[in-house]
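Reviewing the structure listed below.
The values are calculated or read from the model by the stated rules, or taken from the named source; none is laboratory data. If you're wondering where the values come from, they're calculated on a predicted model, not measured in any experiment. Note: ideal-geometry Cβ built from the backbone for every residue, glycine included; neighbour counts use all protein chains shown. The protein model used for the area step is the full one, side chains on, heavy atoms only, and it has no ligands, DNA or RNA in it. Shrake-Rupley method; radii C 1.70, N 1.55, O 1.52, S 1.80 Å.
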Amino acid sequence: MSWKNLMPSKKMLALMLAPGMLFVSTLSMQRSALSLSFETPGSDVGQPRSSIGGGVRGTACEIDPEEEIKGLMPSQNIGAVGRTISKTPTLFWYVPENQAEIGEITIVDEARKEVYSAEFALPSKSGIIKYEIPESVELEEGKKYEWLMALVCDPDDRAADGFTRGHMLVVEESEDLEEELAKATNALEKATAYNKAQVWHDTLSSLAEVADEYPEEWTELLESVGLGAIATVDVLDCCTIEN
C-alpha cells in the first residue's frame, strides 16, 4: 500500500478537526461576548482635572508624591458619575502606602444633606479598599449622591486629610438588564450584563468577587477607565467601623 493511500482524505481531516475547531470557536465567541471594556455614558464623564485642579494627596500621611488616592470610577475626571441599580452599593478606592490608621466615608445628597458618615479602621497595607454601604442607608432611586473617602492623616488637623470623591446615580433596573441577570450563571456573566447596561458600580463589585479567577477581565475593565496601573494590586478586606 502506498503512503498516499494511508493519508486521510480532506473530508476525513475536516471531520477529525471539526470538534477541536468548534471548541476553539466557541471559546472565542464566549470571550467576545464577555468583553468587560466599560463605555461611560457621555453625561457621566465629568470635567478634566487639568481644567479645575486636582485633589488633596494628604502629605501628613507620608504618601509617595508619585501616588494618589483614587476612587474606582468610570472616569477619573472631577464630577464623574458612577451608575448603580443598588440602593446599598459597594464602593472601591485605591489607597497607596500611608501612615493613616483611620478612614472616613461621607455621603451627601444633591441638597448637600448628609445621608451617611462613618469612620473605619484602615487595612495595614496599600491596596484597593472595598466598602459595603450598610442596608440601613437605603439610597433612593433616581437621585444622585456625592461620596467622599478621606484618610485621617492628623486627627488634630483635618485639613491635612488625604481624600478622593465621586458621584453616584441610583437608576432603575431595565427589563433588558433584568433578563440578562436572570440568565447569568456566575459573577462574570453578571458583571458582563451590568457592563452592557453601563451600570458601573454593579459591574465593578460583581467582577471584584472573582478578580483572582479572571485577571484578564479585571485588567480589561480597569484599563478601559484609565486605572490599568492598579489592576494588579490586591483587593483588601475592609472595614471595621469605629464606634
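Using the average count of surrounding beta-carbon atoms within 10 Å as a protection proxy, the listed peptides 114-127, 82-95 rank, highest first, as 82-95, 114-127. Taking 0.36 nm per residue of separation and subtracting the current Cα-Cα distance, fully stretching the chain between Thr219 and Glu67 would add 52.8 nm. Going 7 Å from the Cα of Ala184 in the Cα-to-Cβ direction, what parts of segment 201-227 have a backbone nitrogen less than 16 Å from that spot? Flagged as within label range: 201-214, 217-218, 221-222. Evaluated over segment 51-188, the count of Lys pairs having alpha-carbon atoms less than 26 Å apart is 16 (only pairs 8 or more residues apart or interchain).
Solvent-accessible area per residue in segment 138-239 equals 50 Å², computed with a 1.4 angstrom probe and all protein chains kept.
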